[in-house]
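What follows draws every value from the coordinates through simple rules; no lab data is involved. Owing to the predicted nature of the structure, the values given are computational and were not obtained by experimental measurement. Cβ placement follows ideal geometry from the backbone for every residue including glycine, while neighbour counts extend to all protein chains displayed.
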Amino acid sequence: MTKTTEKRKDVTILFAGDSGDGMQLTGSLFTDTNAHYGNDISTFPNFPAEIRAPQGTVAGVSGFKLHFASVDIFTPGDEVEVLVAMNAAALKANVSQLKKGGTIIANTAGFDKKNLRLAKYESDVSPLLDKTLDQFRVVEIDVTKMTKEALANSGLGTKDIDRCKNMFVLGFLLWMYNRSMETTQSFITEKFSKKPDIKDANLTVLKAGYYFGDTNETFTSRYEVESANLPSGEYRSIMGNQAAALGAIVAANKAGLELFYGSYPITPASDILHELARHKNYGVKTFQAEDEIAAICASIGASFGGSLGMTASSGPGIALKGEAMGLAVMLEIPLLIINVQRGGPSTGLPTKTEQSDLMQAMYGRNGEAPLVIVSASHPSDCFDAMVEAVRITVEHMIPAMFMSDGFIANGSEPWSFPKAADISSITPRWADPEKSLSDETYFPFRRNEKLVREWAIPGMENLQHRVGGLEKENETGNVSYDPDNHELMVKIRQEKVDLIANHIPAQEIAQGDESGSVLVLGWGSTYGAIRTAVRDLIKDGHKVSQAHVRYLNPFPKNLEELMSKFDRVLIPEINNGQLVHLINAKYGTGAVPFNKIQGMPFTSREIKEQIKELI
Amino acid sequence: MQNPTTYTAKDFATDQDVRWCPGCGDYSILKQMQSTMAEAGINKKDIVFVSGIGCSSRFPYYMDTYGIHSIHGRATAMASGLKAARPDLSVWVITGDGDSLSIGGNHLIHLLRRNFDLNVLLFNNEIYGLTKGQYSPTSPKGQVTKSTPMGSLDHPFNPQALALGADATFVARTMDRDPKHMREILAAGNAHKGTSLIEIYQNCNVFNDGAFEVFTDKATKAKSTITIREGEPMIYGADSEFGIRLNGMKAEVVSMNDCSADDLWIHDSSDRMKATILSRMFDNNALEGGLPRPFGILYQEDRFRYEDAMKAQLEHAISVKGDGDLDALIQGSHTWTVD
């Protein structure tokens, strides 16, 4: 029987199973293969906060969403076309995302009575058998059984055999989408090089899945997504946290500084620590501290010593670091604080995404302690935004906060990466033991026209000085309780931030005309969904434009003027309205909020609908 | 530039007015510290004093070195990062009993186990002075203060035992009223490679005057204190009339009329078990018959320093992978080309 191949422009697949089923790995391996075929890609892992939530329950479902295409894409896709459901709970948790006519690939072993009960299906009858899934195409495969059979002679125990079943699914999908097994095979060979029996088992099951598609007569058609028309160049796949880590190493190097990274484990920021810890041969010093406060304080200590001090956390940890951030503002030294945002308040939704810490970044310290805020808008943008944040903190002697969130931190995309030589150098304002003294006195808080003080570090002759959290006299840095001096210093610290607006790029329109009916203004991880929505509406002839703000404090100088050219400004955010509040308070723009607070990113459709309301 | 070998204590004074209360024990500590640094001969540019918050934490402003007056309880964490980044520096943490044992208790124990090569001067006055007189984690149970009008309910910390419990590599006690001993201990702490925890009994003459009087007053000092020295028998008293003998794991006071020095406990600061016994000589000395409070180096060991191990890892990584190449880093291990 011949098999036909259908061409597809783009496909969205959701791999879903128990958190122990290996769906994250399956998804990322399928991603890697498609990347090598030149597809544009966007991914979104979505997993429970518990490492091994009760098996078979909806709470324990882990998902990996992958959107790959032969055209430019900016989101992990709105609706899912293929849902891989390893058990009943995975189906129940995700079937609402599946579009009409979509395909369900179900592991029938995961739909027995026990699994149905755990997934809280009311009836004993599997949804695969009743009529509820009529609007979809259901492909039933007993993955568990076939994996067992493929490994019957492997000598492996039941547990090890069961762990291979994700490779069967992956093999089947590789067949279905006309992809070679090569990338996955080399991954398995490398990963299990020290466990030959596990390596062989995974390779066997992968092939079994592939050939199952090939030989089984139920499947008559395969699909193909041709390579995307990406700009020519060399690409790699990158995740947001990884990009942030690489950006930090490169930026520190460009500044001629040693990178010191003090951090305490927290979801979803820990991967930055993991990535940096792998690169000790770049002189990176990673320090896993006893708590969030120690992490930032150690980083401040390192900066005082002349390193680039950096710390990262998510909302709850950022709250703990607040007092120390205030100290860094007072000391006026470089310090990079990363906030990979997650659902809040309190512990909130640790593994879900949210943009709800913007106000915390702006105001979350005692006294008036302004710092710089730079945000990243998609996974690979974490690299560029990080370099920018480091540039500002080093050149302006002021703490900077780098904002990302769980969506882009864990999401991945192809990246046409830059050459290190093309990244411009970063210039610390070092004190000079010869030139910095006036009449043998050193003034540690004497400033240049940008209000930036010099960086004098231990080891520099004759520049010994004391800094601290007490209010200090301008220029001398001596402790001062003088009322006028305090007012002066508070104003200086604010003006120092404001002046940075002269040293950042003007806000650009990302797409669309410079004037029109609606400007969709976003920040952070909403970039892709807004981009897709605005692109579609422009295509339909609407006068809609997109601008995405990277620099949140200070704002670019032209932002007010840029917004004034539009009848309406819409600000979509994954929060209850924070940027919209800052914009309206500062400029009186009357911008319209659009909020989603579900721990999930916007779909482009949601944004499109909202824009239409305003046109 | 002045040659560090010619420093005198005055070279370490700053132009700032010292603002502790008249009669505060901190003055003595500052003076001994300045003398010790002059004797140590380390270039001032290479010295950093790091403090937290509290009366003692104003200290860095009065030392003409580099200094950070940080936030409450965090000097130990700040100093850890500084030392990791700059192993070449001589780093001194100045902290108090509230700063290091209450709000900063966590950072202190983690600093001690990591064993960065730096020195912690723990000014213990058994009271919160800067906030005007609340009981501290070292105040004895029952102490009446502004916040405990009916007496404190807390069982106090024993800083020496705590430091030993956290596997500190240098644990010593001295006091503000004994400048000579303090200089000796400060110099030993400076020489020790690893974290030196130096507890200094310091009198707060405003809010807790006389807390350590039993150890400093001429009438009681000889009987209530013992200065321990490496390799020497434990003898104390105005006329060296008392000794301490180990009866199994139990320390007991003996009269030198009945004993010879050979029968006594010989101080061995490398013995962790005996250091633990010493640290537990923490009786209320106002009571008759108690063991004396030991002053000196209770325990000392040579253990790897965090910053050395960190440096070794970096060097190893470079020897295995070669000096980091930025383009290789950015590119990663798998790339593909789009034409």
For the stretch A:520-543 and the stretch A:219-276, write down the distance between their C-alpha centroids in whole Å. 24
Cross-link candidates for residue B:193: which aspartates and glutamates have Cα within less than 13 Å, leaving aside residues fewer than 8 places away along the same chain? B:88, B:117, B:301, B:302, B:307, B:308
DSSP-defined antiparallel bridges as percent of all bridges, the stretch A:4-223, nearest 5: 50
Which entries of A:113/A:148; A:114/A:195; A:450/A:596; A:9/A:207; A:65/A:280; A:539/A:596 have Cα-Cα distances beyond 31 Å here? A:114/A:195; A:450/A:596; A:65/A:280
With the Cα gyration tensor of the stretch A:448-488 giving a ≥ b ≥ c as the square roots of its eigenvalues, does the rule (a/c under 1.5 for rounded; else a/b larger than b/c for prolate; else oblate) give rounded, prolate or oblate? oblate
Measure out, as a whole number of angstrom, how far apart the alpha-carbon centroids of the stretch B:156-193 and the stretch B:33-80 sit. 17
Which entries of B:10/B:180; A:120/A:145; A:254/A:491; A:285/A:419; A:352/A:543; A:321/A:435 show an alpha-carbon separation above 28 angstrom in the structure shown? A:254/A:491; A:352/A:543; A:321/A:435
Within a 10 angstrom radius of each residue's Cβ in A:231-238, how many Cβ atoms of other chains show up on average? Whole number is fine. 4
Which peptide among A:108-119, A:438-449 comes first, and what is the full order, when sorted by highest mean count of other Cβ atoms within 10 Å? A:108-119, A:438-449
Starting from the amide H of residue A:84, placed 1.01 Å from N in the peptide plane, find each other amide H under 5 Å away whose residue is 5 or more places distant or on another chain. A:14, A:15, A:16, A:105
Hull-based mean projected area of the protein assembly as shown, where the convex hull spans the alpha carbons, in square nanometres: 46.9
Could you tell me which helices of chain A pass both thresholds, a Cα extent of 15 Å or more along their own axis and a mean Kyte-Doolittle hydropathy of at least -0.5, with helices taken as whole DSSP H runs? A:23-36, A:165-176, A:196-215, A:240-254, A:292-304, A:381-396, A:527-539
How many partner chain Cβ atoms sit within 10 Å of a residue's Cβ in peptide B:304-317, on average, as a whole number? 2
Taking the Cα atoms of the stretch A:4-223, report the difference between the largest and smallest coordinate on each principal axis, in whole Å and largest first. 45, 44, 39
If you count the DSSP beta bridges with both ends in the protein assembly as shown, what percent of them are antiparallel, to the nearest 5? 35
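Using Cβ counts within 10 Å as a stand-in for footprinting exposure, how do A:126, B:240 rank, fewest first?
Details: A:126 21, B:240 12.
Lowest count first: B:240, A:126.
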Can you sort A:158, B:276, B:169, A:144 so the residue with the fewest Cβ neighbours within 10 Å comes first? A:158, B:276, A:144, B:169
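Rounded, prolate or oblate: pick one for the stretch A:516-614, where a ≥ b ≥ c are the square roots of the eigenvalues of its C-alpha gyration tensor, a/c under 1.5 means rounded, and failing that, prolate if a/b is larger than b/c, else oblate.
oblate
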Any idea how far apart residue A:446 and residue B:320 come out in nm if each label point goes 7 Å out from Cα toward Cβ? 4.9
Distance-filtered residues of the stretch B:292-311 - backbone nitrogen under 14 Å, label point 7 angstrom along residue B:191 Cα→Cβ: B:297, B:300-301
Alpha carbon centre of the stretch A:43-58 versus the stretch B:236-253: separation in Å? 64
What does the average come to when, for each residue of peptide A:284-296, you count the partner chain Cβ atoms lying within 10 Å of its Cβ? 5
Near the amide H of residue A:223, under 5 Å away, which other amide H atoms are found, from residues 5 or more places off or on another chain, if H is placed in the peptide plane? A:6, A:177, A:178
Proportion of all alpha-carbon pairs of the stretch A:234-357 beyond 25 Å (%): 21
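Might you report the magnitude of the Cβ-based charge dipole of the stretch A:237-422 about its Cα centre, with Lys and Arg at +1 and Asp and Glu at -1, to the nearest 20 debye? Kindly include the intermediate steps, with their values, before the conclusion.
Numbers: 10 positive and 18 negative charges, 61 e Å.
Charge dipole of the stretch A:237-422: 300 debye, to the nearest 20.
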For chain A, give the magnitude of the charge dipole about the Cα centre (Cβ charges: +1 Lys/Arg, -1 Asp/Glu; no others), in debye to the nearest 20. 1400
Overall form of the stretch B:9-109 per C-alpha gyration tensor (a/c, 1.5; a/b vs b/c): oblate
Order of A:260-271, B:115-126, A:465-476, B:313-324 by packing, highest average Cβ count within 10 Å first? B:115-126, A:260-271, A:465-476, B:313-324
What is the packing order of peptides B:94-103, A:148-157, A:318-327, taking the mean over residues of other C-beta atoms within 10 Å and listing the highest first? B:94-103, A:318-327, A:148-157
For residue A:481 and residue A:219 in one chain, what is 0.36 nm times their gap in residues minus the Cα-Cα distance, to one decimal in nm? 86.3 nm
What residues qualify as long-range amide H neighbours of residue A:468, i.e. H under 5 Å apart, gap of 5 or more or another chain, H built at 1.01 Å from N? B:69
Treating only Lys and Arg (+1) and Asp and Glu (-1) as charged, each at its beta carbon, one finds that the stretch A:516-614 has a dipole about its Cα centre, in Debye to the nearest 20, of 200
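Sort B:69, B:181 so the one with the fewest other Cβ atoms within 10 Å of its own Cβ comes first.
Working: B:69 26, B:181 17.
Going from sparsest to densest Cβ surroundings: B:181, B:69.
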Let's test this: bin the Cα-Cα distances of the stretch A:530-569 at 10 Å from zero up to the farthest pair and state each bin's percent. 25, 47, 25, 3
